[in-house]
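To start, the structure under review is shown below, and the notes come after it.
The values are calculated or read from the model by the stated rules, or taken from the named source; none is laboratory data. Computed from a predicted model, the values in this text were never measured in an experiment. Here the Cβ positions follow ideal geometry from the backbone for every residue, glycine too, while neighbour counts run over all protein chains shown.
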Amino acid sequence: MVFALVLTSFMPDNTMLNDDNIRMFFIARSKNANLVCYDLNIDKNGKVNSEEPLKVYWINKTDHMGERSDLNYFQKKMAYGYNSKMTGKGIFEISLVAFQARKVILERDQKGKYRGRIVINGKPAALSKIFVQAKPENSMKVSWVELTGIGLEDGKIVTERIIPD
């Protein structure tokens, strides 16, 4: 049972209904097991909030298992926040504040389900997870970042490890 729970929390297709929101992707870190979740911010009619298309929050996996908490000001502005721009009807360009090199495009797939499209290892993919490996000597510095998603062309898991300059 524990194995199933661990496996499920790191499955690439981690989209699930979560309080009236739909999980687009999450960030896991080497520092601890807590997750930063990015959920589609929709109203009761299923319409995406054009001012704030994603709700971002912590899920505690250590001290207070499962507890949800908002990001603080510093976390939003320096680490886990995002900027968004509506580029079409129901389409948003998302720029993560700490990883602006690649944009995430929130859009509907052929079945009408939202996804976060991004290029991973040269292939279009639906982003499911970002893992951040902190430097052992300074957890505020990043050794590498790994993107994981589902390839849009073949449905296979695709990953890419990025080492910052």
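General observations
- Those residues of segment 30-49 which are modelled with pLDDT of 95 or more and among the hydroxyl-bearing types (Ser, Thr, Tyr), in sequence order: Tyr38
- Pairs, first surrounded by 10 or more Cβ atoms within 10 Å (Cβ to Cβ) in segment 64-78, second among the hydroxyl-bearing types (Ser, Thr, Tyr), C-beta under 7 Å, six or more apart: Arg68/Tyr57; Ser69/Tyr57; Asp70/Tyr57; Leu71/Tyr57; Leu71/Tyr80
- Checking Gln100, Gln133 one by one, the residue that is in a strand (DSSP E or B) and free of Cβ contacts under 8 Å to residues at least 12 places away in the same chain is Gln100 and no other.
- Pick from segment 82-97, criterion of a type in the set (Gly, Ala, Ser) and free of Cβ contacts under 8 Å to residues at least 24 places away in the same chain, ranking: farthest from Ala126 (Cα to Cα): Gly88
- Taking (1) surrounded by 14 or more Cβ atoms within 10 Å (Cβ to Cβ); (2) under 22 Å from Asn34 (Cα atoms) in turn, Asn138 satisfies each apart from (1).
- For segment 120-135, the set of residues classified as surrounded by fewer than 17 Cβ atoms within 10 Å (Cβ to Cβ), closer than 18 Å to Pro164 by Cα and touching an Asp or Glu at 6+ places or on another chain (Cβ under 9 Å) consists of Asn121, Gly122, Gln133, listed by residue number.
- Just one of the listed residues (Arg115, Arg161) is farther than 18 Å from Glu51 by Cβ, touching an Asp or Glu at 6+ places or on another chain (Cβ under 6 Å) and without any contact (Cβ under 8 Å) to a residue 24 or more places away in the chain, and it is Arg161.
- Close pairs (8 angstrom Cβ cut-off, 6 or more residues apart or separate chains): polar (S, T, N, Q) in segment 29-43, assigned to a loop (DSSP other than H, G, I, E, B) and surrounded by 17 or more Cβ atoms within 10 Å (Cβ to Cβ) anywhere: Asn41/Pro53
- Output for segment 81-97, where each listed residue is part of a loop (DSSP other than H, G, I, E, B) and acidic (Asp, Glu): none
- Scanning segment 109-119 for residues that are buried (at least 20 other Cβ atoms within 10 Å of the Cβ) and among the β-branched types (Val, Ile, Thr) yields one hit, Ile118.
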